[in-house]
1. Once amide H atoms are placed 1.01 Å from N in the peptide plane, what residues at a sequence separation of 5 or more from A:Q119, or on another chain, have their amide H within under 5 Å of its amide H?
2. Which residue, B:V219, B:Y164, B:L64, has the largest displacement toward the positive end of the dipole of chain B when charges sit on each Cβ (Lys, Arg +1; Asp, Glu -1)?
3. Cross-link candidates for B:K111: which lysines have Cα within less than 20 Å, leaving aside residues fewer than 8 places away along the same chain?
4. What ranking, highest mean first, results for peptides B:239-250, B:109-120, A:204-215 when packing means the other Cβ atoms within 10 Å averaged over each residue?
5. Can you compute 3J(HN,Hα) from phi for each residue in segment B:39-51, using the Karplus curve 6.51 cos²θ - 1.76 cosθ + 1.60 with θ = phi - 60°, rounded to whole Hz and x for Gly and Pro?
6. Quickly estimate the mean residue ellipticity at 222 nm for chain A, helices only: each DSSP H run with n ≥ 4 gives -39500 (n - 2.57), and the total goes over all residues, rounded to 500.
7. Considering only DSSP beta bridges whose two residues both sit in segment B:168-268, what percent are antiparallel, to the nearest 5?
8. Take B:E113 and B:T149, extend 7 Å from each Cα along the Cα→Cβ direction, and tell me the distance between the two endpoints in nm.
Amino acid sequence: MSHSTTVGQRVRTLAASLCPLLAIGCATTADTSATRDDAEQMIARSFSAPAPELLKRLDQDKAQQICSKVDHAPLTQEQSAEVVKLARASIKYPSSGKLAGDWKHGEQLAHDGAGDRIQFGQLEKRKENGGLCQNCHALEPGEINVGNVGPSLTGYGAQRGNSEEIAKYTYEKIYNAWAYFPCSNMPRLGANGHLTPEQIADLVAYLVDSKSPLNAKSK
Amino acid sequence: MSSVRRWIAAIAVAALPWPLAAQTEPNGLALGRKMLLEDNPGELWIDRGKDLFSQKRGPRNESLERCDFGLGPGKLEGASVRLPRYFADTGHVQDLESRLLTCMVELQGFKREDLAKSALSPALSSGSDIEALAIYVTSRSNGMKMNVTLDHPQEREMYEVGRYLFHRRSGQTDFACVTCHGDADKRIRLQDLVNMTDRKQIQEVVGSWPAYRGSHGVVRTMQWRMYDCFWQMRLPELAYGSDVSIALITYLHRQGNGAVVQVPGFKR
């Protein structure tokens, strides 16, 4: 831990000590840009990683900055439009052009929550990253060990069909959810490089294919 | 009810088919947790921490009895409920664990890097000294209410930074703390997520750490709780006692003011 005092801290220490004398400018909330500067400096000295490029994970891109609203403050229309624009520009498709792949592999990925974590100076390296879906979404009928941070996906394809449009929407939604729901809780799994286009196409198949257990009739 | 009978009841509830268990005992998980709380293995860590605190240890062969947690050297009653706080001798806002580091370095002569490296123990191990010390010092505030004040400008600053960090999204999951801890009745798989924007739920958290974690077989501390969230978010490793950790703990503890401290807590 560094014991250095930031410029922002010093300025505000001075300001606070003047508070009783001035009777103005003594709001209880600190200046937000100074807080941000201090926070970003603290981030720069509070983490370690097995390789320097992994520290870049802490850097925010433009969309993440916009989406980091304190206490559920609403997005402005301009911010919302910018997040959608950035998201749309990020989407890449599989070289095969096939947006719905192998649902069996998709099923396995949907239930895999591992990959790419950093612990004890090691990066968790696997053949591929898990899709993380089960952490937050209900999947197959009767499946109990599922999260509810996101909406239920049970019967996703049974309700929507497996048309080209649905496959494309589903693919884009997984690749970068913010193209449709700016700043939603869902990770931008493709845009962030957590999943490959081919993995996402397999997840699409798991969601829309009529043979997928996710679309089975409820037990 | 005897310990054995409580266990049988817990197993009976757990063995029911899911829908039936849900109907007859809507709060079965909470009941099971309450039962485990009554025979909490974390008590063993408190005993060990008490011994470690008074033993002469380290290169300087000193005890921690002169360690000042904010109320004066060796004064432990009510100390943890005021933490994190600003310490004039270090010129820094410190939480309980970073303050323990300071004392173990300054009084006992341990190396800071060595302590930080072994502070968070592996699962199913006998635990680290600092974990035992943290839960012991906290236990001396059992029954008292959290009361983090932000009188010093640096305390206010750490709180504001913590609030900013709580909402800051980054990394390949785009997560901030609030992504998973900002709404009521949410779960990751079957694990309940605490809503850290709800004062009552924050208080339940803030008053119950350090806690014995059944699935890990060790006592975990608030520093560990922060570290583990960053791991799951796929971000780099949060350094033990770092400014980011202290800022987040300052924010959460302040939000939880009024919580009654009761450790060891019990977590799944």
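Each reported figure results from applying straightforward, stated rules to the coordinates on display, with no laboratory input. Here the structure is a predicted model, which means the values were calculated and not measured. Here Cβ is always computed from backbone atoms with ideal geometry, including for glycine, and neighbour counts include all displayed protein chains.
1. So A:Q119 has HN proximity to A:E124.
2. B:V219
3. B:K56
4. Numbers: B:239-250: 25.6, B:109-120: 15.8, A:204-215: 22.6.
Listed from highest to lowest mean packing, they are B:239-250, A:204-215, B:109-120.
5. Those phi angles translate into 10, 7, x, x, 4, 5, 5, 4, 4, 5, x, 4, 5 Hz.
6. On the way: 9 runs with 90 residues, N = 219.
Per the formula, -12000 deg cm²/dmol.
7. Working: 7 of 10 bridges.
Among the beta bridges of segment B:168-268, antiparallel pairing accounts for roughly 70 percent.
8. 3.9 nm
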